[in-house]
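Shown next, in structure tokens, is the structure this report addresses.
Coordinate-derived values only; no laboratory data. These numbers were taken from a predicted model, which means no experiment stands behind them. Please note: Cβ atoms are built from the backbone with ideal geometry, for glycine as well, and neighbour counts cover all protein chains shown.
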């Protein structure tokens, strides 16, 4: 499980998918950490479902405002250019297709881009929250997650066995083992984490994996937590 | 046509239907003038479709603001407690049933409360504007109009011949001849303008008129433009 | 026109058993603590709550749950609210889980006179296809599940897409927490404490605003009112936030 | 991030023939005069306009009508706009007359990802039953009328009522007039000049804001932004109002 990229390295790798001018929504937990690794020269606006557009870093003790939190109920700050809106307006941004990129966690992703991340039968449900809205509404959806579940079961599957959050909604998956596009032919491995082989990926994946590394090594540089990557 | 109440007296009579705390929308033209006759001690908030809640009187030359107009595109003022909203929010007030009373003009009103006030076949259409929204959305709809059309034809009818603005939406009609409730049995005459007889009303109305004057003369005082009426 | 009440208890004194109440707030921001507490101190029971997350552990709506006053909840998230999860799984309450955006839109629709709307959120999931447990039995078995909803194709941005029909929500009461309100009920929120509050306010037949500060009419800038007073029937000052 | 353009012409230079454009404004308040003028000075034709009243006599959109650049209008009101009425009755343009609240809601729905919604407005009228003339022939005969729409019963506030299905509107471009905008496109309106502008902004794939004043990011109070920059792609300063 700890092979390949660390969770922080996955966040760094996901941050390289950000483009200048993007409005992005970062899911609760690991996706939220992507904000800590925005590459230099890239200006993005971070949206939170609870009505904040333009989230900034965690405040210092003196700047804490109990009324200023993100969807994970963590205290945050607002950057210059921020705006506060109601929940219906906030979800109008999501559902109306105005969010360029949503980065979410997942329990399972299928080879046709189905996403399951809200319920496990027999286990106490955590609720739906904004996940279904983001899955369908955002222009592009990237899932960041461990390649295998804690119990060792596969999470990249032919067909989800867990209740769906959205159907055919995921565009890309970034796990500790590598980067996968969801394409016509299913999972397309485009990049491997250091020390990981195609075979490693195949045995840990519950569906066929097509391998198609980019000919030009645009993403070929090594991902490191502390350095951002030249394009 | 000039029998009974003048147009201004009709506006005064309509103003007596206002209750303290009402949110009201006054249609373009004669209904707008009802605002000039709000009885003493009655506090109402006047709404305009173009996104003004809390319209005040016409401004003096120095206070004119080209950005502050009513739905009739007349320059207005905003009273203390006013708020400005978008068109969708403004119509949420109307359509969501938050407007207590809408006072509208009409071409025809039927004995079942159908309202026709937006189109005459063969005559250039003026458009729909907010009339259909107000007709259906306001909790109470009062029509103020001349009892007969300019060509002498009846406007209170069994069944509208003109295209409808709303079906079964009118609660009360105030004309130069008197005041009519729309009830189960159709038009119910509850009050006569001075000098007008029940027969005058009946010959000018295209539907049966039930007469039911209130036993206690709550509305029995003479309507005068310059004096408000004790309840 | 003065919509102010002496205190939160007076503002909810007529709340009957079985009432439906939409409640603003997300996490601990913008929660109408005083009104919720007043309901707890009052006697009303058999309540239906419409709320994003039904309070946090040991505070707000979680206390109403604890005292057994809630029969039914429409919410998007249970999260780490242990009492909410326990009552749901033990079959003590009925829960209608709704995507968060659909919940906000259903409340706004209720307030705006829209009976129902088609959204893409939930298509291809149990939200549209039915099967989300509404009520469990005492043994943990599912007694009732959400029904299948109508799914229909519409063109959007030149592309055919499926949408599911969701119905509006209106409530008997709505509870709102604002930063400042005037005596007409015009209200202003601060930062992310706005959240569901304006949507909730529109959906209620009797909307009660508790504000940190109540000011005279004319103090608020008409361009900066977040919630116009037309959506508000009662106002109460609740300066301290006692969760 | 800087969404500003040098002037209105630069901001609409890529507008193609046949584009659809939603335009804010009501009467003479909040009308994006500079952008409309830039379209007139540009070459685009065969346009579809979504607008409450299609300009006033001899100004704004009425001038675009006059120069024969508009094929189709979705509007609520013709009123005393003589050129609009003339072209409609002469069959030079197609007009879809829509109740004003339905028009605003259709634009908001388009921007909010709602495909369609049920409203009571228009039930029992030609708006729901069909028959509103869309296009007249040269001899004044009606060539095409609006279709009948689906009517369905829903319960609202405990009462069964009929509602008509209305579809959302999205457009290729949207034109907005604001009082102040920053370089991210966050905008603030003044008084009744807000009107359709926020709704229009949400519905456009490319939304252009002309503002009386463009300010740096950070100047506007986040609690007081009426139109968040996420709905805005281009910003241009248009200080003078030249109708």
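Structure above, values below:
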read-out	value
Cα gyration tensor of chain B - equivalent ellipsoid semi-axes, whole Å, descending	28, 21, 16
Cα shape, chain C, gyration tensor, a/c 1.5 rule	oblate
Using alpha-carbon coordinates, inclination of helix C:100-112 to the longest axis of chain C, degrees	60 degrees
Fewest-first ranking of A:134, C:227, A:63, using other Cβ atoms within 10 Å as the exposure measure	A:63, C:227, A:134
Residue-averaged beta-carbon neighbours from other chains (10 angstrom radius) around A:42-52	5
Number of partner chain Cβ atoms within 10 Å, mean per residue of B:60-73	4
Sorted by Cβ neighbour density within 10 Å, fewest at the top, the residues B:17, A:49, D:155	D:155, B:17, A:49
Label point 7 Å beyond Cα along the C-beta direction, distances from residue C:59 to other copies (nm, shortest first)	5.3
Taking all pairs of distinct alpha-carbon atoms in segment B:1-117, Kirkwood radius in angstrom	15.2 Å
Label point 7 Å beyond Cα along the C-beta direction, distances from residue D:135 to other copies (nm, shortest first)	5.6
Per-residue mean of C-beta atoms belonging to partner chains within 10 Å, peptide A:165-178	2
Using a 7 Å Cα-to-Cβ projection, residue A:19 label spacings across copies, nm, ascending	5.7
Ranked list, fewest to most other Cβ atoms within 10 Å of each Cβ, for B:88, B:110, A:159, D:179	A:159, D:179, B:110, B:88
Relative contact order of chain B, pairs being alpha-carbon contacts under 8 Å that are 6 or more residues apart, as %	20 percent
Computed [θ] at 222 nm, deg cm²/dmol, the protein assembly as shown (DSSP H ≥ 4; -39,500 (n - 2.57); rounded to nearest 500)	-4500 deg cm²/dmol
